[in-house]
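Here the structure is laid out as structure tokens; the discussion comes afterwards.
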Amino acid sequence: MTLTALVDYDSGNLHSAQKAFERMARETDAGTIVVTSDPDVVAKADRIVLPGDGAFPSCRAALSHFTGLYEAISEGVTAGKPFMGICIGMQMLATRGLEFSETQGFGWIPGEVVKITPEDTALKVPHMGWNDLVIDHAHPVFDGVKTGDHAYFVHSYHFRVEDPAHRLAHVDYAGDVTAIVGRDNIIGTQFHPEKSQATGLRIIANFLGWKP
């Protein structure tokens, strides 16, 4: 049976994400979802999901506190297992983050995480609430998702990729704000798919069936 590991490293409430992934796994017959901080379980999983709430430095530090957990995730990604990062879990794919202090990321998708600076200074940061996706590059995880579909965001920093091919979707917030990044067997969403209603559930279902 297919096993999807939802990594728990004490960086956010995973209840909503767990329920959304479990629901779509049932509806698509995509196997079992397990919430775990055990590197052995992550190593055995067929798919890996890394969420994260809060700030880049604190999430990066929290992950390092779990012995062997990052290594299990990294080895799985290197082996070609489908991987999804959510919110800060997506930002940590970058080369570095610049929130509070410079913090090294995983370096799996070259680029840096920088503060959102809307051209309209009347717009508030954090970028919070619903916004319409603009699809930049087609991807199997977007099956049934189109430009104009909306997703739910809560963040002050976003991923500025080095290679435009790695920015799969963005939103307009008085300037482009990265919404989805990806390459090879890696996908990352800045928004919370588990809070994004039909659009988010469709992306979760597509990820659970994705065979990169």
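The values are calculated or read from the model by the stated rules, or taken from the named source; none is laboratory data. Please read these numbers as outputs of a predicted model, since none were measured by experiment. All Cβ positions, glycine included, derive from the backbone under ideal geometry; neighbour counts span all protein chains shown. These area figures cover heavy atoms from the full protein model, side chains too; ligands, DNA and RNA do not enter into them. Shrake-Rupley method; radii C 1.70, N 1.55, O 1.52, S 1.80 Å.
The single condition among (1) in contact with a helix residue (DSSP H, G or I) (Cβ under 8 Å, 6 or more places away or on another chain); (2) surrounded by fewer than 18 Cβ atoms within 10 Å (Cβ to Cβ); (3) of a type outside the set (Phe, Trp, Tyr) that ALA61 does not meet is (1). Scanning segment 1-38 for residues that are closer than 20 Å to SER58 by Cα, modelled with pLDDT under 95 and touching a strand residue (DSSP E or B) at 6+ places or on another chain (Cβ under 7 Å) turns up just one, LEU14.
Condition first: touching a Lys or Arg at 6+ places or on another chain (Cβ under 6 Å), surrounded by 14 or more Cβ atoms within 10 Å (Cβ to Cβ) and more than 15 Å from TRP210 (Cα to Cα). Can you find one or more residues in segment 162-171 that meet it? Yes, there is a match, as at least one residue in segment 162-171 is touching a Lys or Arg at 6+ places or on another chain (Cβ under 6 Å), surrounded by 14 or more Cβ atoms within 10 Å (Cβ to Cβ) and more than 15 Å from TRP210 (Cα to Cα). Mind checking whether some residue in segment 117-126 is touching a residue at least 12 places away in the same chain (Cβ under 8 Å), open to solvent by 10 Å² or more (accessible area, probe 1.4 Å), assigned to a strand (DSSP E or B) and of a type outside the set (Asp, Glu)? Checked against the condition, which is being touching a residue at least 12 places away in the same chain (Cβ under 8 Å), open to solvent by 10 Å² or more (accessible area, probe 1.4 Å), assigned to a strand (DSSP E or B) and of a type outside the set (Asp, Glu), segment 117-126 yields no hits at all. Only one of the numbered conditions (1) within 28 Å of ALA198 (Cβ to Cβ); (2) out of contact with any helix residue (DSSP H, G or I) (no Cβ under 7 Å at 6 or more places or on another chain); (3) surrounded by 13 or more Cβ atoms within 10 Å (Cβ to Cβ); (4) not small (Gly, Ala, Ser) is violated by LYS146, and that is (3).
For the condition under 15 Å from the mean Cα position of the chain (by Cα) and part of a helix (DSSP H, G or I), what is the one hit in LEU168, LEU208?
Values: LEU168 fails: part of a helix (DSSP H, G or I).
On inspection, the qualifying residue turns out to be LEU208.
Applying the criterion of being at pLDDT 95 or above and part of a loop (DSSP other than H, G, I, E, B) to the residues of segment 39-58, the residue that is surrounded by the fewest Cβ atoms within 10 Å (Cβ to Cβ) is ASP46.
Out of GLY76, GLY89, GLY97, one residue alone is closer than 20 Å to GLY200 by Cβ and touching a strand residue (DSSP E or B) at 6+ places or on another chain (Cβ under 7 Å). It is GLY89. When segment 171-203 is filtered for residues that are more than 13 Å from the chain's Cα centre (by Cα), β-branched (Val, Ile, Thr) and either outside any strand (DSSP E or B) or at positive phi (or both), only THR199 remains. Per this entry, ALA138 is not counted among residues that are open to solvent by 50 Å² or more (accessible area, probe 1.4 Å) and modelled with pLDDT under 95.
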